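K.L.:
Let me begin by handing over the structure; questions about it come next.
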Amino acid sequence: MSMIGVVRNESLAGKIIQGGWERSEALRGVGYSIIESHKYKCSSCGTQSVKSAKHRSGMMIPVDTSHSGLAATKASGATCLCPLCASALAINWSVVKHVGSNDELMSAGFLIYLPFQSQSDVSRLAVFTLACLQKPNSHPFFSVATDIDAVMGGLAEEVSRKIPIYNGSNADFAKALALVPDEYYEQREQIIGSLRWWPNMAYWADFGKYIHKTSFSAFEKSFNLEDELALFTG
């Protein structure tokens with residue numbers, strides 16, 4: 001998954017991404033089977049999760065990209081994604097303000113200008129950043145995570161300078177992209193080809209806490225910070 005995307009049914013996509021599929025009898029069984037068959041690993045960024053007594057899904061998401069709302073109604077053609085990679089597929093939901101885990105109105109993330117990296121790479125770094133923000137403030141990884149998030153905030157400011165038709169509002173821009181007819185999808189990809197999606201760290205704090213608690217040790221071993229940061233600095 002190298003780019004961001006929009007969906008036709010952003011309301012449903014948002015419910016799926018936030019775990020609403022687990023409350024649906026029609027989606028729950030097939031959803032668990034998809035996640036289990038992928039061994040709780042995101043097929044896009046490679047984030048490895050595990051199930052727990054509270055989260056049988058490991059907080060991963062079963063997704064069918066051919067569905068207008070990303071709902072996986074059958075195992076065939078569906079995949080397992082982390083909520084960040086799933087959110088990048090539905091920016092007309094994920095850049096609009098919603099009620100977060102602390103009941104505060106906020107967006108799940110925002111657009112950044114980063115043409116030389118895939119969304120998968122960005123999401124992988126974002127998961128690492130989220131997990132590191134769960135460390136004590138004095139921990140060096142906490143400081144690194146704070147710096148990474150600040151850099152991405154700076155790249156958000158580049159969007160208005162680099163994308164001529166961008167009007168200054170993530171939400172309006174994403175909604176406009178979603179209204180582009182399918183026959184003009186190639187032009188839509190040309191417009192968003194240099195854009196990526198970065199999560200709002202406060203919105204996804206619960207996911208960060210879960211990954212930090214259950215999977216961070218293994219994730220840390222597979223994540224070479226120097227190599228990963230080199231990808232973003234050239």
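Derivation of every value follows stated rules applied to the coordinates shown; laboratory data play no part. This one's a predicted model, so the numbers in the text were calculated from it and none came from an experiment. Glycine gets a Cβ as well: all are built from the backbone with ideal geometry, and neighbour counts include every protein chain shown.
K.L.:
Can you work out ³J(HN,Hα) from phi for every residue in region 26-42, in order, using Karplus 6.51 cos²θ - 1.76 cosθ + 1.60 and θ = phi - 60°, giving whole Hz and x for Gly and Pro?
P.N.:
With the stated coefficients, region 26-42 comes to 6, 10, 4, x, 5, x, 4, 5, 5, 5, 5, 5, 8, 6, 6, 10, 5 Hz.
K.L.:
Step through the residues of region 56-70 one at a time and calculate ³J(HN,Hα) from phi using the Karplus curve (6.51 cos²θ - 1.76 cosθ + 1.60, θ = phi - 60°), rounding each to whole Hz and writing x for Gly and Pro.
P.N.:
4, 7, x, 6, 8, 10, x, 9, 10, 5, 7, 8, 5, x, 6
K.L.:
Pairs of Cα atoms under 8 Å, at least six residues apart: use those to get the relative contact order of region 1-107, whole percent.
P.N.:
Once normalised by length, the contact order is 33 percent.
K.L.:
Rank-order 167-175, 124-132, 18-26, 30-38 by packing density, defined as the average count of other C-beta atoms within 10 Å over each peptide's residues, highest first.
P.N.:
Highest mean packing first, the order is 124-132, 30-38, 167-175, 18-26.
K.L.:
Hey, another quick one. What is the distance, in nm, between label points placed 7 Å from the Cα along the Cα-to-Cβ direction at S33 and at S143?
P.N.:
With each label point 7 Å from Cα toward Cβ, the separation is 5.1 nm.
K.L.:
Turning to a different aspect of this structure: Of L177, L70, L111, which has the largest mean-square fluctuation in a 10 Å C-alpha GNM of the chain?
P.N.:
L177
K.L.:
State which entries of K97/K162; K15/K213; K74/K209; K51/K213; K41/K209; K41/K175 exceed 22 angstrom in Cα-Cα distance in the structure shown.
P.N.:
Exceeds cut-off: K97/K162; K15/K213; K74/K209; K41/K175.
K.L.:
I want to verify a result. In a Gaussian network model of the chain, Cα cutoff 10 Å, which of these has the top mean-square fluctuation: S11, S44, S87?
P.N.:
Taking springs between Cα atoms under 10 Å, the residue moving most is S11.
K.L.:
Classify region 1-48 as rounded, prolate or oblate, taking a ≥ b ≥ c as the square roots of the eigenvalues of its Cα gyration tensor: rounded when a/c is under 1.5, otherwise prolate if a/b is larger than b/c and oblate if not.
P.N.:
oblate
K.L.:
Taking square-rooted eigenvalues a ≥ b ≥ c of the alpha carbon gyration tensor, is region 1-127 rounded, prolate or oblate, where a/c under 1.5 means rounded and, failing that, a/b exceeding b/c means prolate?
P.N.:
rounded
K.L.:
Which far-off residues, 5 or more places away or on another chain, put their amide H under 5 Å from the one on S107, with H placed in the peptide plane?
P.N.:
H98
K.L.:
Now for a separate question. Just need the relative contact order of the chain here, percent rounded to a whole number, with Cα pairs under 8 Å and 6+ apart.
P.N.:
With pairs under 8 Å counted, the relative contact order is 24 percent.
K.L.:
Across region 195-211, in residue order, what do the Karplus-derived ³J(HN,Hα) couplings come to in whole Hz, using 6.51 cos²θ - 1.76 cosθ + 1.60 with θ = phi - 60° and x for Gly and Pro?
P.N.:
9, 10, 10, 10, x, 6, 4, 5, 5, 9, 4, 5, 5, x, 5, 5, 4
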